[in-house]
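Peer 1: The structure that follows is given in the form of structure tokens.
The values are calculated or read from the model by the stated rules, or taken from the named source; none is laboratory data. Everything numeric in this text was worked out from a predicted model, so none of it was measured. All Cβ positions, even for glycine, are placed from backbone atoms using ideal geometry, and neighbour counts span all protein chains on display. SASA here: full protein model, heavy atoms, side chains in, ligands and nucleic acids out. Shrake-Rupley method; radii C 1.70, N 1.55, O 1.52, S 1.80 Å.
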Amino acid sequence: MNIIILGAGRVGESVAESLVSEQNDITVIDQDPARLRLLEERLDLRGVVGNGIQPSVLQEAGAKDADMLIACAAADESNLVVCKIAHDLFNVPTTIARLRSPEFNEGDELLGKSGFAVDHVICPEESVMRYIEQLIQYPEALQVLEFAEGRVSLIVVRAAADSLLVNHTIAEFRDRLPDAQMRVVALYRQDAQVDAAPETRILPGDEVFVLADTRKIRIVLAGIHKTDKPVQRLMLAGGGKVGLRLARILASQYDVKLIERDKKRCEYLASQLPSSTLILNGDGADEDLLHEENVGEMDLFLALTSDDEDNIMSAMLAKRMGARRVMALINRRAYADMMQGSTIDIAISPAQTVIGELLAHLRRGDVVAVHSLRRGAAEALEGIARGDHKTSKLVGRRVEEIKLPPGVSMGAIVRGEGKKSEVLMPHHDTLIEADDHIILFIPNKRDVRAVEKLFQVSATFFG
């Protein structure tokens, strides 16, 4: 695909990096030539220096031949305007805008073709908030990602030494949890993938990827990791857009303390949050302040400022001072990679949380959800089986007849709609029916194209 990206900031850079790896033709527009030059040196893409809302700049970037425009500039206004110009002047088929304001929602008339012509909206801050919410709800997990409108979840858990699963095979684990609709789809040991075969034995420290009926998550988590006590006390360092959004959601359910360095911002936060939220004017990496506010008694410490170094330092300090679990918002990919397996329990990348939303719009076939995993190296994908035995590579076929790339595993099938839907763990003789939602784990992104083809209906396909 020919894709134009407006903005070479952190989100734009991460989007470009992910899309270049899939053999797309990428052009990035930015007003900073030095930033573009660094991107061109590192990635196989073309940079165009200029203001993307100017038609001449879009023309130079190849808008006439573009399949998609992704507007990731810092200002909502720029992203809205460039989508409008790309649609009206250059007939770009698909436009996606990063919009921070909560007042613009996908599907609104204002964003329609007669308005700003924005087909899809992405908001990294909103994605990060949803991601953190899930981790608070399931403190034992490293990741919790939803499919099929929340009916199936992919949970990533580090196997604990004293858990039910450790030192047992995957087959034994399934036998020990007969009431849980679940399947181990991947296993990583010391950052290397291990075959998730029935006879594979789980060792302490292994990262276990499990697809499960969302209603059974707690049963599965208890089997892999000793049950952590529920989160009650939280401390947030950073009252920016993410910190404020998160505090608003959490204030009614948890005991929340929020540290913000800027005094005026503290005053604004106080006007936006309930009086039960304690707002502190100070530095999240101030050891004396953390001690005074009993950081060692916190169930969760979240470092959410816009500065990666500050977030890393404050999260590591909070952990050393006794916080049970710490998370840090880290934009730079190199920093996030370095922090994996460190004293920081979870490093959150805002760009990576939103990449999956973008990839769902790029995937061919009837793909409805995508989650990027293992820092972009792997993927979990949900597609819908359409057509019939003559036109589909899936419908009317048993699982054993479907040719999946090596390593790709079919983790779950959701059949039916709404309350009548059922979650199936496919076996070799399970027959795929029309409109089944199929969730697959793809350990290597190079196999994505082959998987996409399975969900493409062909009028001439006869097996």
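Peer 1: Could you identify the single residue in GLU287, GLU292 that is in contact (Cβ under 8 Å) with a residue 12 or more places away in the chain, out of contact with any Lys or Arg (no Cβ under 6 Å at 6 or more places or on another chain) and not hydroxyl-bearing (Ser, Thr, Tyr)?
Peer 2: From the options GLU287, GLU292, the qualifying one is GLU287.
One line per residue, one yes/no per condition, for (1) free of Cβ contacts under 8 Å to residues at least 60 places away in the same chain; (2) crowded, with 19+ Cβ neighbours inside 10 Å:
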residue: PRO204; (1), (2): yes, no
residue: LYS216; (1), (2): yes, no
residue: GLN232; (1), (2): no, no
residue: ALA237; (1), (2): no, yes
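Peer 1: Something else about it: Taking the stated definitions as given, is GLU292 at negative phi and more than 25 Å from the chain's Cα centre (by Cα)?
Peer 2: So GLU292 passes the test.
Peer 1: Which pairs turn up if I take residues in the stretch 262-282 that are closer than 14 Å to LEU236 by Cβ and look for partners that are among the acidic types (Asp, Glu) and open to solvent by less than 80 Å² (accessible area, probe 1.4 Å) with beta carbon separation below 7 Å, at least 6 apart in sequence or on another chain?
Peer 2: CYS266/GLU260; LEU269/GLU260; ILE279/GLU260; LEU280/GLU293; ASN281/GLU260
Peer 1: Okay, next question. Which one of these is over 30 Å from GLY243 (Cβ atoms), among the polar types (S, T, N, Q) and modelled with pLDDT under 90: ASN2, ASN24, ASN51?
Peer 2: Answer to the selection: ASN24.
Peer 1: While we're on this one: Inside the stretch 419-455, can you point out the residues that are assigned to a helix (DSSP H, G or I) and either under 24 Å from the mean Cα position of the chain (by Cα) or polar (S, T, N, Q) (or both)?
Peer 2: Passing the criteria: LYS445, ARG446, ASP447, VAL448, ARG449, ALA450, VAL451, GLU452, LYS453, LEU454.
Peer 1: If a residue must be part of a helix (DSSP H, G or I) and of a type in the set (Val, Ile, Thr), how many such residues does the stretch 263-318 contain?
Peer 2: The qualifying residues number 2.
Peer 1: Starting from residues that are under 18 Å from HIS427 (Cβ atoms) and touching a residue at least 60 places away in the same chain (Cβ under 8 Å), keep the ones in the stretch 141-183 and report whichever is farthest from the chain's Cα centre (by Cα).
Peer 2: GLN181
Peer 1: Report yes if ALA161 is surrounded by fewer than 18 Cβ atoms within 10 Å (Cβ to Cβ), closer than 19 Å to VAL210 by Cβ and small (Gly, Ala, Ser), otherwise no.
Peer 2: yes
Peer 1: With the structure loaded, tell me whether ARG151 is under 22 Å from VAL414 (Cα atoms), open to solvent by 10 Å² or more (accessible area, probe 1.4 Å) and at pLDDT 90 or above or whether it fails that test.
Peer 2: So ARG151 passes the test.
Peer 1: What number of residues in the stretch 210-226 are touching a Lys or Arg at 6+ places or on another chain (Cβ under 8 Å) and outside any helix (DSSP H, G or I)?
Peer 2: The number of residues fulfilling the criteria is 5.
Peer 1: Which residues, counting only those in the stretch 246-272, are open to solvent by 30 Å² or more (accessible area, probe 1.4 Å) and either in contact with a Pro (Cβ under 8 Å, 6 or more places away or on another chain) or of a type in the set (Gly, Ala, Ser) (or both)?
Peer 2: Of everything in the stretch 246-272, those that are open to solvent by 30 Å² or more (accessible area, probe 1.4 Å) and either in contact with a Pro (Cβ under 8 Å, 6 or more places away or on another chain) or of a type in the set (Gly, Ala, Ser) (or both) turn out to be SER252, ALA270, SER271.
Peer 1: To continue, here is another question. What is the number of the single condition among (1) in contact (Cβ under 8 Å) with a residue 24 or more places away in the chain; (2) closer than 30 Å to ILE384 by Cα; (3) in contact with a strand residue (DSSP E or B) (Cβ under 7 Å, 6 or more places away or on another chain); (4) of a type in the set (Asp, Glu) that GLU106 does not meet?
Peer 2: Checking GLU106 against (1) in contact (Cβ under 8 Å) with a residue 24 or more places away in the chain; (2) closer than 30 Å to ILE384 by Cα; (3) in contact with a strand residue (DSSP E or B) (Cβ under 7 Å, 6 or more places away or on another chain); (4) of a type in the set (Asp, Glu), the one that fails is (1).
Peer 1: Hey, among ALA334, ALA347, which residue is open to solvent by 10 Å² or more (accessible area, probe 1.4 Å) and part of a strand (DSSP E or B)?
Peer 2: ALA347
Peer 1: Under 24 Å from ILE5 (Cα atoms), out of contact with any helix residue (DSSP H, G or I) (no Cβ under 7 Å at 6 or more places or on another chain) and not charged (D, E, K, R): is that true of SER114 in this structure?
Peer 2: Answer is yes for this residue.
Peer 1: Looking at the stretch 1-96, what strands (runs of 3 or more DSSP E) fall wholly within it and have at least 3 residues that are in contact (Cβ under 8 Å) with a residue 12 or more places away in the chain and open to solvent by less than 70 Å² (accessible area, probe 1.4 Å)?
Peer 2: Those strands (runs of 3 or more DSSP E) span 2-6, 25-30, 68-71.
Peer 1: For the condition in contact with a helix residue (DSSP H, G or I) (Cβ under 6 Å, 6 or more places away or on another chain), outside any loop (DSSP other than H, G, I, E, B) and either under 26 Å from HIS120 (Cβ atoms) or in contact (Cβ under 8 Å) with a residue 24 or more places away in the chain (or both), what is the one hit in ILE413, ILE355?
Peer 2: ILE355
Peer 1: Pairs under 9 Å by beta carbon, first residue over 20 Å from ILE355 (Cα atoms) in the stretch 319-340, partner open to solvent by 80 Å² or more (accessible area, probe 1.4 Å) and assigned to a helix (DSSP H, G or I), six or more apart or different chains?
Peer 2: MET321/GLU287; MET321/HIS291; GLY322/GLU297; ALA323/GLU297; ARG324/GLU297
Peer 1: Among the listed residues LYS390, LYS319, which satisfies the condition of being out of contact with any helix residue (DSSP H, G or I) (no Cβ under 6 Å at 6 or more places or on another chain) and over 30 Å from LEU236 (Cβ atoms)?
Peer 2: Criteria check complete, one pass: LYS390.
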